[in-house]
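One structure below.
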Amino acid sequence: MTDGPVTRRRGRRRGIEIRPGSVKEARQRSGLSLGQIARDDISRTAIYFVETGKAKPSQETLELIAERTGQPLDFFLSGASNIERHPTARIAELERLLATGDNTGVAAAAESALSQGYDPASRARIQLLASMAHLRLAQPIVGRRLAAAARAYFEKSGDLESVAEALGHEAQAAGLMQDPAAIQIAEGALVTCRSLQPIPQLLEARLLRVLGHQLLNAYRWSEAIGCYEEAIAIGEVVHDLQQLSLLYSGMSLAHQELGQINEATQYARKALTIHETLNDRLSQARSLNNLGYMLVRIGEFSAARSHIDRAIRIFEAHKVEIGKAFVICSLAELECEEGRLETSLLTAKRALDLAVRLDEPASAAEAHRLRGIVFAKQGRDADADAAFATAVVAAERAGGGPRLVQLHENYAEILESRGDLVGANRHLKQALATQRPAARNLEPRVASA
């Protein structure tokens, strides 16, 4: 028997399990501060603890947050069923997956979401996110189709910022597909972005990077560097490591092609460091290839092979073929420089077969060019002539321009070494017919990022 009334200690009420990051996301979408969400009903610290996952909200607190951010309760709740019911939650989940680099997860989730019968605006946003995921997976055909579908809706709705973003995705896809229209599409995206007031700076920086990559593919080195420098000067881009790594990679390639090896190496190492930090394996492979090719140029063949072999292994591990032919061409170039001519021919043929199968005319032109150079070294003049003739056709399919000029210059050197001065002069005249920035007589190893 007790001396007084029995009392029961009141325990803490169990909070509600919510989707990680959903409260902060809802607050940012509504443009409200912590204080504006809290007001006089709850402390700012409590809202902060809920945002950061240090505390679970009560039912009353969650309802208050939902009311003030304008989101339904299901937006905050965890579980796939809630995400599937609400397109806003599904889009937020796709953005989270994209930010964490789970591109395969984005592609699968987006495919499921697009079968849900969401409203046109939500479908377009999902298509845009899925487009980026497919581009990162080196699947440009699907990525381009999704971006074009999203752009069609944004054009009708007058959302020019999203139009510019979709065009940027289309330009990247076109670049991966070695479509000469990539530059024009990227320029259109940038013009659209800059028509907005105020100009969205992060998008502008991203589109400058996309345009720079396409100019790089077209051998327009100085113009590419100008785009990259503009993007870096915007400032905000330094907070986006993914974008910064791709800018550094592009800067490396452009300086490499202008013969500025010290600058090229510096940017390549910066890019590679960030790729490794982000565990961005495909971008890491491209940076490894770029570094390897620069090492070939300065005669460090053993180190070059290590980098190029690692790049090829990453492509193979991820079962990605788009852009792989350029890396194989790097290996063929290395073998040629080492004097292993027969091995170089076989490697170049391997790159050529892949390029033809994937319909990559620029890669095919480079593989033919390398075979022509090796045939010339072996004294197989008829084979060299045939290889360069076929390379010219492929380069014309890829848009001509500086790539075609380079081929004429290479072939002119070979003809001159044979003593065929008439033929050499004819090809030099064809090369001079197209003006271009000064560049070395080697194909860039560009597998568009």
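Taking every alpha-carbon pair under 8 Å whose residues sit at least 6 apart, segment 321-449 reaches a relative contact order of 23 percent.
Pairs of Cα atoms under 8 Å, at least six residues apart: use those to get the relative contact order of segment 84-221, whole percent. Once divided by the residue count of segment 84-221, the mean separation gives 17 percent. Note on residue 433 and residue 342: their simple-model spin labels are 4.0 nm apart, each label 7 Å out from Cα toward Cβ.
Taking every alpha-carbon pair under 8 Å whose residues sit at least 6 apart, the chain reaches a relative contact order of 9 percent.
Against the chain, whose longest principal axis is taken from its Cα atoms, helix 361-377 shows a tilt of about 30°.
Which of the listed residues, 390, 404, 379, is farthest toward the dipole's positive end in segment 321-449, when Lys, Arg count +1 and Asp, Glu count -1 at the beta-carbon? Farthest along the dipole direction, towards plus: 404. Please state the shape class of segment 321-449: rounded when a/c is under 1.5, otherwise prolate if a/b exceeds b/c and oblate if not, all from the C-alpha gyration tensor. Verdict is oblate for segment 321-449.
Can you give the local net charge around residue 67? Use residues other than it whose beta-carbon is closer than 12 angstrom to its beta-carbon, Lys and Arg +1, Asp and Glu -1.
Numbers: positive: 39, 68; negative: 41, 60, 63.
Net charge in that neighbourhood comes out at -1.
Which angle between 0 and 90 degrees, to the nearest 10, do you get for helix 221-233 versus the longest principal axis of the chain when only C-alpha atoms count? Roughly 20 degrees between the two axes.
Here's the picture: charge each Lys and Arg Cβ at +1 and each Asp and Glu Cβ at -1 in the chain, and of 414, 348, 118 the one pushed furthest to the positive end of that dipole is 118. A cut-off under 13 angstrom between Cβ atoms defines the neighbours of residue 422, and their net charge, with Lys, Arg +1 and Asp, Glu -1, is +1.
If you take the square roots of the eigenvalues of the alpha-carbon gyration tensor of the chain and sort them as a ≥ b ≥ c, do you get rounded (a/c under 1.5), prolate (a/b over b/c) or oblate? The shape class here is prolate. This model, with +1 at the C-beta of Lys and Arg and -1 at the C-beta of Asp and Glu, gives segment 321-449 a dipole about its Cα centre of some 200 debye. Within straight-line reach of residue 54, meaning a Cα separation under 25 Å, sit the following lysines at least 8 residues removed in sequence or on another chain: 24.
If I stretch the segment between residue 202 and residue 100 completely, what's the gain in nm (0.36 nm per residue apart, minus their alpha carbon distance), one decimal?
34.9 nm
Residues whose amide H falls under 5 Å from that of residue 77, counting only those 5 or more places apart or on a different chain, are 19, with hydrogens built in the peptide plane.
Simple point charges give the picture: +1 on the Cβ of Lys and Arg, -1 on the Cβ of Asp and Glu, and for the chain a dipole about the Cα centre of about 1220 debye.
Once the Cα atoms are used to define both axes, helix 87-99 deviates from the longest principal axis of the chain by about 50 degrees. Each residue of segment 160-167 was assigned a 3J(HN,Hα) from its phi angle through the Karplus curve 6.51 cos²θ - 1.76 cosθ + 1.60 (θ = phi - 60°); the sequence is 5, 4, 6, 4, 4, 5, 5, 4 Hz, with glycine and proline shown as x. Per residue, the chain reaches -23000 deg cm²/dmol at 222 nm when only DSSP H runs of four or more residues are counted, each adding -39500 (n - 2.57). For a straight C-alpha distance cut-off of 16 angstrom, the aspartates and glutamates reachable from residue 429 (same-chain residues fewer than eight places away being disregarded) are 409, 413, 416, 420. In a DSSP loop and with at most 10 other Cβ atoms within 10 Å, there are no trypsin sites (Lys or Arg not before Pro) in segment 322-377.
Read the figures in this text as sums done on the coordinates, not as results from a lab. Everything numeric in this text was worked out from a predicted model, so none of it was measured. Here Cβ is always computed from backbone atoms with ideal geometry, including for glycine, and neighbour counts include all displayed protein chains.
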